[in-house]
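What follows is a short report on a single structure.
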Amino acid sequence: MATLRLCTLLALLCSVFSLVGCERGANPATPERPTDHAAPTPDSTGPRIVVLSPALGVMLTDLGLADRVVGRHGWDAVLDQSLPVCGDQTGLDYEALLRAEPTHLLTEWGARALPGRLTALAAEHDWDVQDFQILSLDDIASASARLRALFPDAAPADSMQRFERMVRGPPPEPIWQGRVLLLMGTSPIAALGPGSAHHELLLRAGGIPAIAEGSPYMPLHAEDVLRLAPDAIMLIQPRDANTPRAPYELGRIATLDISAIERDRIASVDHPQALLPSTRLVEVAEAMEQSLRRWARH
């Protein structure tokens, strides 16, 4: 579970801060994700996709296109793990890319320019390179629409359709009047603030964020939490689908004289892709709404 949390945290921070990396030829695969297994090979009549973004990997899966993927991101945990790792935000494995023979290369590279060697190889081998920015809910919706346009034979899952309905209209009226602090970690304390997809999700779920101003990712001290005095706390703590639910750890927060602790208004949102900015965040919003309705009744 610790590995999964690290992977999803890194994926979110890559989206939030557009991590600056360097080109390299080495394979960035982690030891627990070997890349020397035989992977399924799509037939030659359709697209062959290398996807260098865990979030885009989730969306391709929910579009029914997982069988068209021939290479994945180093931190991907949703696609077939026997697929070769072709890189991450810190570098690309150009040998793996060439072996994959993609028709499409999907990246989430951030504000910096794509590596020169990548663009040269793409021109030489006629790869269709599509770069995405995925941070806000609107970004996710735009990415979903672009993927559908790129691959018109896709078959969207129900979760994608629910996501589109969620973002189409204005946020609903609050279900509960208490102020909710969103945290992605408690030791150290790390909050999700304005500009993050999760802040928007809380609003779409009918919640009132405890942090009204700030940045998408906000390190906090216990004194900051005491000053914010939230009425409830939601911990965004993804876990592997095969891992039993574990009790949450609040650390120093558990000792604070705040309403959230006194009234035990703590919720753990542990959806496996809870930190990835993808269309599956609709399921996170639905879990948030359930907690808000429970608190509204008591």
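Every number in this text was worked out from the coordinates using simple rules, so none of it is lab data. As the structure is a computational prediction, the values presented were derived from the model and not from experiment. Glycine gets a Cβ as well: all are built from the backbone with ideal geometry, and neighbour counts include every protein chain shown.
Odds and ends about this structure:
- Where labels lie 7 Å past Cα in the beta-carbon direction, separation of D264 and E101 in nm: 6.1
- Each label point was placed 7 Å from the Cα along the Cα-to-Cβ direction; for E223 and R162 their separation is 4.3 nm.
- D80 versus D128: modelled label distance in nm, points set 7 Å from Cα along the beta carbon direction: 2.1
- Among the GluC sites (Glu not before Pro) within the stretch 190-241, those in coil by DSSP and having at most 13 neighbouring Cβ atoms inside 10 Å are E213.
- Amide H contacts of A210 (H built 1.01 Å from N, under 5 Å, at least 5 apart or other chain): V180, L181, L182
- Here the Karplus relation 6.51 cos²θ - 1.76 cosθ + 1.60, evaluated at θ = phi - 60°, turns the backbone of the stretch 146-162 into coupling constants of 5, 5, 5, 5, 5, 10, x, 8, 5, 10, x, 6, 4, 4, 5, 5, 5 Hz, with x for every Gly and Pro.
- Hypothetical label at H298: residues of the stretch 163-187 whose amide nitrogen lies under 20 Å (7 Å Cα-Cβ projection): 175-183
- Three-way shape label, the stretch 179-297, alpha-carbon gyration tensor, a/c 1.5: rounded
- Order of T103, T61, T243 under a 10 Å beta carbon neighbour criterion, fewest first: T243, T103, T61
- HN-Hα J in Hz across the stretch 196-206 - Karplus 6.51, -1.76, 1.60, θ = phi - 60°, x for Gly and Pro: 8, 4, 6, 4, 5, 4, 4, 4, 5, 7, x
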